[in-house]
Structures are given as C-alpha cells and as structure tokens.
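Below is one structure; the comments refer to it alone.
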Amino acid sequence: VRDSLRYHLQDKAEPLYTHLRSDDRRASLARIPLFLWMFKEAAGGQGALPRNRGELLRSFVRAPRVLGRVPKEDRAVVEYALEWVGWRLQEAGALQIDGDALYEALEAARGRRSIELDILKGQLKKTGLLLDLGDERYRLLHQLVQEYGAAAHLLAVKATAAQIPVLARDEWWRETC
C-alpha cells in the first residue's frame, strides 16, 4: 500500500498512508487494489478521506482523473447518466446492459439537454466508468460503481422512506440502500 501510494503520489503519499493506517477497516480495504485506487483518487494527495463508502465512491467518481476528464459543462449530465445506468442495471438485476437499454438510460439522463446521446456515451466511456464489452454490451467499472449510481439515483428522485426498506430486504439491493 505504501509503495503504491509513493509511486503514484510521490511526496503526497505519507498523509494518505497515515490516514489509511489509522483505521483498521480502511487499512484492510486499502489492500484491495480497486479500493486503494479509489482512496488515492478521492484523497487527491491531500491525505483527507471520506467518512464512508458512499462518500468515497462520490469522491472517486468526481475525481479529476475520472469525471474531471469530461468538459466542465458536461460533468453534471455525465454524472447523472452514470446514476441512470447504475439504476437501470440494479433494476434489471444485471451487471451488463445492452446498447438499446443503455441509450434509454442515457436518454432519461439527458432529458431536454441538447447533448447528443453518442457524445454522452462517449463522455461516460472517457471517464473509465463505462466499459464497452463489444457486441453492443456495456458494464460499469465495478459493481460498487453501479450500486453507487443506483443509490445516487434514489437520492435524486427523492425515494420515499417506505421504498428503501423494501428494496433493502433484497440482497441485490442491500449495498445500494
């Protein structure tokens, strides 16, 4: 963990490493490459870490080398597209989405905005969060990103207090809720 942080963050690695080591749960998660990458991107070399996994994923998604790859004027709609795609995947109980369903999710996210769907898809792919599997099949970077997107969608549509406990009874939705 320390070597990886030093390699990627050079002199900014020690504050982050110190924060990771101060919490057994974080230290354990940091041994998993995906989480180490998320911690590195979310902290941005500042050493400060989000308080929980939801905030970690939000910070990761909004990091300069993820959503920051998209022009500033498109970031909100690209993030909203991630939420819709995550929601549609969770709703389908799947880890992959076909091209038609992807475009339906992008259309819902775009709303009345003038951004073309192919450009929106390209921007989402540019972040590294949407992976093209070929044969008109797509998936998000990781199931955690999918669950984060679905959770953010639930917050955006102001899910009722009654909806969340019902969804949470299903193992597939537990992490999202």
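Nothing in this text is a laboratory measurement; each read-out follows from the coordinates by a stated rule. Quick caveat, the model's predicted, so the values are computed rather than measured. No Cβ is skipped: glycine too gets one built from the backbone with ideal geometry, and neighbour counts run over all protein chains shown.
At-a-glance table
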{"quantity": "Chain lengthening between Arg69 and Arg25 when straightened (0.36 nm per residue, less Cα-Cα)", "calculated": "12.8 nm"}
{"quantity": "Extended-chain gain in nm, criterion 0.36 nm per residue less alpha-carbon gap, Glu107 and Lys126", "calculated": "5.0 nm"}
{"quantity": "Around Leu129: net Lys/Arg minus Asp/Glu count, Cβ-Cβ under 15 Å", "calculated": "+4"}
{"quantity": "Gap separating the Cα centres of segment 65-104 and segment 116-143, nearest whole Å", "calculated": "7 Å"}
{"quantity": "Max mean-square fluctuation residue, GNM over the chain, Cα-Cα springs under 10 Å, options Leu120, Leu95, Leu34", "calculated": "Leu34"}
{"quantity": "Helix-derived mean residue ellipticity, 222 nm - over the chain, DSSP H n ≥ 4, -39500 (n - 2.57), to 500", "calculated": "-18000 deg cm²/dmol"}
{"quantity": "FRET efficiency for Thr18 and Arg174, using Cβ-Cβ distance with R0 set to 25 Å, rounded to 0.05", "calculated": "0.20"}
{"quantity": "Of (1) -0.72, -0.89, -1.02; (2) -0.34, -0.59, -0.89; (3) -0.50, -0.81, -1.02, the label for log10 I(q)/I(0) by the Debye sum over Cα atoms at q = 0.09, 0.12, 0.15 Å⁻¹ derived from the coordinates", "calculated": "(2)"}
{"quantity": "Sites excluded, trypsin sites (Lys or Arg not before Pro) in DSSP loops with at most 15 other C-beta within 10 Å, longest stretch of the chain", "calculated": "66-111"}
{"quantity": "Loop sites in segment 43-142: GluC sites (Glu not before Pro), DSSP, at most 14 other Cβ within 10 Å", "calculated": "Glu116, Glu136"}
{"quantity": "For Leu144, net neighbour charge (Lys/Arg +1, Asp/Glu -1) across residues whose Cβ lies under 9 Å away", "calculated": "-1"}
{"quantity": "Gain on full stretching of the segment that runs from Arg51 to Thr160 - 0.36 nm per residue minus C-alpha separation", "calculated": "36.8 nm"}
{"quantity": "Net charge of neighbours whose Cβ lies under 14 Å from the Cβ of Arg26, counting Lys and Arg as +1 and Asp and Glu as -1", "calculated": "+4"}
